[in-house]
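A short reminder: the numbers here are calculations on the coordinates, not readings from a lab. All figures in this text were calculated on a predicted structure; none of them were measured in a lab. No Cβ is skipped: glycine too gets one built from the backbone with ideal geometry, and neighbour counts run over all protein chains shown.
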Amino acid sequence: MESHDEEHAAKLLRAQKHVWNHIFSFITSMSLKCIVELGIPDIIHNYAQPMSLSNLMASLPIHSSKTHSIHRLMRIMVHSGFFSQHSDTHNDLEVKFALTDASLLLLKSHPMSVTPFLHSMLDPILTNPWNQFSNWFRNDDLTPFQTAHGKSFWEYAGSDLKMNNLFNDAMACDSELVTSLLMEKFKGAFMGLETLVDVGGGTGTIGKAIAKSFLQLECIVFDLPHVVAGLQGIENLKYVGGDMLETIPPADAILLKWILHDWSDEKCVNILKKCKEAISRKGKDGKVIIIEMVVDNEKKDFESIETQLFFDMEMMVLVKGKKRNEKEWSTLISSAGFSNYKITPVLGLRSLIETYPQ
C-alpha cells in the first residue's frame, strides 16, 4: 500500500511540474526579449572575451537598484542555452558569461541577426491575440488577431506603419539567413532561368540576392502596393505592386517564400493556380519554387517538431494559415493542376519544394 501511495504521489508531482513548466514557458520568451532590449548580447560581444557579472552590471543602462537582479536574468538565459557560464572563483560577481551560437544570432551586427524577427513576434500587437484564443473558438471571427484588434492581420499591417515596418523587417532578416543558405547549398534551383517573380517578396531581400547572383536573370519583387511603395530597384530587379490572389506577373519561375503558410487550403490552391497561369504565359515549361516547412513527426527531433508546431499555432492565431505535412502539400499541389513536385530539406526546419506543371 505504501509503495502504491508513493507511486501515486510521484506521478502527481511529475504532472504538477509539467503543468507548471508550460504555464511559465512564456518567461523564456520575455526574458529573451529583455536581454535583447538591454543589449546584453552586444555588450558581451564587444567585450571580446568572457565577461564577469560585475563588469556586465556596470555596463548596463539600468537603474542602480536593479543590478542585483541581473544574475537571475542571466541564470535562466544560461539554462536556456543563450549564454555559457564560466567560473574560476567562489565570488558570484566574478562568474563570467560568453555567447553561444544562439546568442550570436541576437547581435545587431550579425549579418543574419534574428532580432527584428524577435521584436515583431513578441510585440504586444502579435502577443495580445493569444489572450483571445478561447474567445475566438466561441465566435465567428476568422482569427484571434481579428478578435483582439477588430481587423485582419493584413488590414492592420496595411494601416499601421509600426506593424508594417516590424513585419517587413522581420521577414527581411529571415530572408537574409535563408538566402545565404540557399545560395550556398541550392543555387542550381535558379540556373537557366531568364525571369523570376518573388511573390510576397516584401522589401526584396531574397530577390536582390538572386538578382546579384544571376545577372542574366530579370527579377520582379511582387507584393502589396503599400509594401513596395517607394522602393527602388536595381539593374535587373524591379518592384511591382499588386494582389497575388488576382494575378501574378508572367515569368519562368515563381518564388513563394513563407507565403502559403499564411493561407487556408482553398486560398493556397487559388494562389498556386495563379502561379501556374503566370509560368504558362511565358510559353515554356516553368516551375514554382516554394520555401516552407514540411511537418514531419517521425524524422525530426523533439525540439524541431515543437518549433514547427509553434509556427502552426502562430499561423492559426494570426492569419488563418497552417503548417503542412507532405501529404497535405501533395494535395494542394495536385489540386492546383501541377503534375509533379520535389521536396529537398536543405534549410533546417524548412524545405525547398519545386513544383512543375508537367
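Key figures for this structure:
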item: Residue of T127, T331, T203 that the Gaussian network model of the chain assigns the largest fluctuation, springs spanning Cα pairs under 10 Å; result: T331
item: Average projected area [Cα convex hull, region 208-294], square nanometres; result: 6.3 nm²
item: Chymotrypsin sites (Phe, Trp or Tyr not before Pro) within region 1-58, DSSP loop, no more than 12 other Cβ atoms inside 10 Å; result: F24
item: Hydrodynamic radius (Kirkwood) for region 138-233, which is based on Cα pairs only, to one decimal in Å; result: 15.1 Å
item: For the chain, convex hull volume per residue from C-alpha positions, Å³; result: 200 Å³
item: Surface/4 of the Cα convex hull for region 119-166, nm²; result: 3.1 nm²
item: 0 to 90° range, to nearest 10: angle between helix 161-185 axis and the chain longest Cα axis; result: 80 degrees
item: For the chain, share of DSSP beta bridges that run antiparallel, in % to the nearest 5; result: 50 percent
item: J(HN,Hα) series, region 245-255, from Karplus relation 6.51 cos²θ - 1.76 cosθ + 1.60, nearest Hz, glycine and proline x; result: 6, 10, 7, 10, x, x, 6, 5, 9, 10, 9
item: In nm, spacing of pseudo-spin labels at S213 and L12 (7 Å Cα→C-beta vector); result: 5.9 nm
item: Relative pair counts by distance (%), Cα atoms of region 72-211, 5 Å bins; result: 2, 8, 12, 13, 13, 13, 13, 12, 7, 4, 2, 1, 0
item: Full-extension gain in nm, S134 to L73, via 0.36 nm per residue minus C-alpha separation; result: 18.8 nm
item: For region 106-120, 3J(HN,Hα) per residue [Karplus equation, 6.51 cos²θ - 1.76 cosθ + 1.60, θ = phi - 60°, Hz, x = Gly/Pro]; result: 9, 6, 5, 7, 5, x, 10, 4, 9, 4, x, 5, 4, 4, 6
item: Theoretical ellipticity at 222 nm over the chain - DSSP helices of four or more residues, -39500 (n - 2.57) apiece, nearest 500; result: -14500 deg cm²/dmol
item: Equivalent ellipsoid, region 58-111 (semi-axes from 5 times Cα gyration tensor eigenvalues, Å); result: 20, 16, 10
item: Burial order of peptide ranges 248-254, 318-324 (average beta-carbon count within 10 Å, highest first); result: 248-254, 318-324
item: Interchain or long-range residues, amide H under 5 Å from S52's placed H; result: F97
item: Per-bin percent of Cα-Cα distances, region 248-294 [10 Å]; result: 29, 53, 17, 0
item: Area projected by the alpha carbon convex hull of region 201-358, averaged over all directions, nm²; result: 9.6 nm²
item: Amide H within-cut-off set for I290, under 5 Å, with H built and near neighbours excluded; result: L256, I353, E354, T355
item: Debye, to nearest 20: dipole size of region 292-358, +1 on Lys, Arg Cβ, -1 on Asp, Glu Cβ; result: 240 debye
item: Calculated from backbone phi, Karplus (6.51, -1.76, 1.60) coupling profile of region 137-143 in Hz, x at Gly/Pro; result: 5, 9, 10, 9, 5, 5, 9
item: Size of electric dipole in the chain: Cβ of Lys, Arg +1 and of Asp, Glu -1, about Cα centre, debye, nearest 20; result: 520 debye
item: Helix axis angle, 302-318 relative to the chain longest principal axis, alpha carbon, degrees; result: 70 degrees
item: Volume per residue of the C-alpha convex hull in region 1-106, rounded to whole Å³; result: 149 Å³
